[in-house]
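Q: Okay, handing you the structure first.
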Amino acid sequence: MILICYVYRNPMFVRSAIVQANGSSFIDDNYRTSTTAYLRHRQISIIKCIEQHFAQFQGNINPLNLEPLQIIRYENNQE
């Protein structure tokens, strides 16, 4: 809940993009209408804690080698 409150207090949500196999991304209003908040590594203590648990689960890798966490928000009638 702390993390959800944090992303709502700080305007972090942007339109969700579609990422292609070559790494490029684009917005398609007809396909993906959700919004995404991208969380930087160790941005706040709860993110650091989650990253440490994920890193341990992955075999004690360096948490900075994980992809950044994302929160995706769907409003009514969004895909």
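No value in this document is a laboratory result; all are computed from the given coordinates. Here the structure is a predicted model, which means the values were calculated and not measured. Quick reminder, even Gly has a Cβ in these numbers, built from the backbone with ideal geometry, and neighbours come from all protein chains shown.
Q: Trypsin sites (Lys or Arg not before Pro) within the stretch 14-45: which are DSSP loop residues with at most 15 other Cβ atoms inside 10 Å?
A: Filter output for the stretch 14-45: R40, R42.
Q: Nearest 10 degrees is fine. How inclined is helix 45-57 to the longest principal axis of the chain, computing both from alpha carbons?
A: Computed tilt is about 80 degrees.
Q: Translational diffusion coefficient of the chain at 10 °C, 1.306 mPa s, Stokes-Einstein with Kirkwood Rh over Cα pairs, in µm²/s as a whole number. Each step should come with its number before you reach the end.
A: Details: Rh = 14.1 Å.
Here the translational diffusion coefficient equals 113 µm²/s.
Q: Sticking with this structure for a sec: So if each residue of separation counts as 0.36 nm, and I subtract the Cα-Cα distance between L66 and D29, what length gain in nm does that give?
A: Taking L66 through D29 to full extension adds about 10.4 nm, to one decimal.
Q: Given the -39500 (n - 2.57) contribution per DSSP H run of 4+ residues, what per-residue ellipticity at 222 nm results for the chain, rounded to the nearest 500 deg cm²/dmol? Display every interim value, and only then the final one.
A: Numbers: 2 runs with 21 residues, N = 79.
Using -39500 (n - 2.57) per qualifying helix, the result is -8000 deg cm²/dmol.
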